[in-house]
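A short worksheet on the structure shown next.
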Amino acid sequence: MLSKYFQIKTNTKKFDDDLLWSMGEIRNRRVILYGAGQGFLKLNEIYDFKNNLNIVAIADKKFECVNNCECECGSECSKEILGIRTIAPSQIVNEDYDVILITNEYAKPILKYLFEELKIENKDIRTVFNEEVKDEQTNLNYLYKHNFDKTLPKLLKRLKNKKVVFYGAGVYLELIKKYFDLSSLNVIAISDKKFENMEESEFLGYKTCSPDKIKALNPDYVIITTKFYINIFEYLNDDLLKGTKIKIKPLVRKSFWTLVKEIWK
C-alpha cells in the first residue's frame, strides 16, 4: 500500500517538475533504477522510465537471487520487470552506468548502502523523492497517522473569527503550512522562545513575537504548533498565561495513550 506521503508528494507540481527536469538531464546517459516496488510501478505509469531513459537495469533487494534462483519465489526472481533487466543491489558495482536514480520514497537507507557498503564514488546518484522541509516524510506520515486531515477542519471551524497566536516556530509548522490550508485562521502572531530579545520580524509570513508579548496581544487562542507539546502546554497554562482567559489548544490532536507514550519515551 502506498503511503500518504507518496500520494501527496507525487500530486504536487514541484514533484512533477523536478522529476521531469532530472529525467531530461540524464536522458542520454546510462541509468540504473533503484527500487522496483509498488511505488516504482505507479511512477512508471506516469513517467514511462523504460521509453524515456537509457536504462541499464533496475536494482532491488527482492532480486537478490535473480542469477542463481532455485527457490519458489516466482515473479520476485524474474529476470525482467516491465521489460527492464533486473539485478541485485550488490551487482551494481559490476555494471557499466553513469547514473543511479532511486525511485523509492525511503531513500536514506539506500543512499547509506550505496555509499558505505558498495563504496560507490564519482557517480551521479539522484533521488526521485526530495524533502523540501526537514523530516518531511516522517512528519507528514505522522500527521496522517493522527488523523490531522480530519481534525483540522473541525479546529478551523471552532477558530473562525477568533484571534490566534501560534506557539512554536519550527519545521513541523513549516510542513503543516506547506501541505495544509491554514489561510482561514486569523493568526495575529507566531511566538517562540527563540524570538526573545529579537526585533519584530516574520516567520512563514506571520509576525513574530516573544512569549512575554503574548498577553499584550490578547488573543482568543494560543495554538501550540510543535510536534510534542505537553511541556509547552504546562508552561503556557501554569506560568506564562496563568490568570488570563486565553485558551490553549494543540494544532494536532492526539489520543491520551499517544501522549502518555510520548511523555515516557
> Can you list the residues, at least 5 places off or on another chain, whose amide H is less than 5 Å from the amide H of Y167, using H built in the peptide plane?
Replying inline: S191, I223, I224, T225
>> For a quick check: with amide H placed at 1.01 Å from N, whose amide H comes under 5 Å from R85's, ignoring anything fewer than 5 positions away on the same chain?
In response: I58
> Roughly how many nanometres apart are two label points built 7 Å out from the Cα toward the Cβ at N11 and F115?
Replying inline: 3.3
> What is the sum of charges around S255, taking Lys and Arg as +1, Asp and Glu as -1, for the other residues whose C-beta is under 14 Å from the C-beta of S255?
Replying inline: +4
> Among N139, V222, W257, whose Cα sits farthest toward the positive end of the charge dipole of the chain (+1 at Cβ of Lys/Arg, -1 at Cβ of Asp/Glu, about the Cα centre)?
Replying inline: V222
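Which order do Y229, Y142 fall in if you start with the one that has the fewest other Cβ atoms within 10 Å? Numbers along the way, then the final one.
Values: Y229 23, Y142 18.
The order, fewest Cβ neighbours first, is Y142, Y229.
Can I get the semi-axes of region 4-127's equivalent ellipsoid? Compute them from the C-alpha gyration tensor as square roots of 5 times the eigenvalues, in angstrom, largest first.
Whole-Å semi-axes of the equivalent ellipsoid: 23, 17, 15.
Where does each of S22, S191 land when they are ranked from fewest to most other beta-carbon atoms within 10 angstrom?
Details: S22 16, S191 28.
With the sparsest Cβ surroundings first, the list reads S22, S191.
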> Which cross-chain or sequence-distant (5 or more) residues have an amide H under 5 Å from the amide H of D124, H modelled 1.01 Å from N in plane?
Replying inline: I100
> Taking a threshold of 24 Å on the Cα-Cα distance, which of the pairs K194/K254; K227/K261; K79/K108 fall above it?
Replying inline: K194/K254; K79/K108
> Taking Cα atoms, how many degrees apart are the long axis of helix 38-47 and the longest axis of the chain, rounded to 10 and kept between 0 and 90?
Replying inline: 80
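Based on DSSP, what percent of beta bridges with both residues in region 4-127 are antiparallel, to the nearest 5? All intermediate terms of the calculation are to be shown ahead of the outcome.
Details: 2 of 17 bridges.
Roughly 10 percent of the beta bridges in region 4-127 run antiparallel, per DSSP.
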> Hey, got the Cα dimensions of region 137-264 along the principal axes, in Å, largest first?
Replying inline: 36, 31, 26
> How high is the FRET efficiency from E80 to K150, r the C-beta distance, R0 51 Å, rounded to 0.05?
Replying inline: 0.75
>> For T86, T226, T12, which order do you get if you count the other beta carbons within 10 Å of each Cβ and list the fewest first?
In response: T12, T226, T86
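Kindly work out what percent of the DSSP beta bridges joining two residues of the chain are antiparallel, to the nearest 5.
Details: 4 of 34 bridges.
Close to 10 percent.
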>> Compute the distance from the alpha-carbon center of region 1-71 to that of region 204-242, in whole Å.
In response: 44
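Counting each DSSP H run of 4 or more residues in the chain as -39500 (n - 2.57), what helix-only mean residue ellipticity at 222 nm follows after dividing by all residues, to the nearest 500 deg cm²/dmol?
-9000 deg cm²/dmol
Laboratory data are not the source of any read-out in this text; all were calculated from the coordinates shown. Since we're looking at a predicted model, the values are computed, not measured. Reconstructed Cβ throughout: ideal geometry from the backbone, glycine too, with neighbour counts over all protein chains shown.
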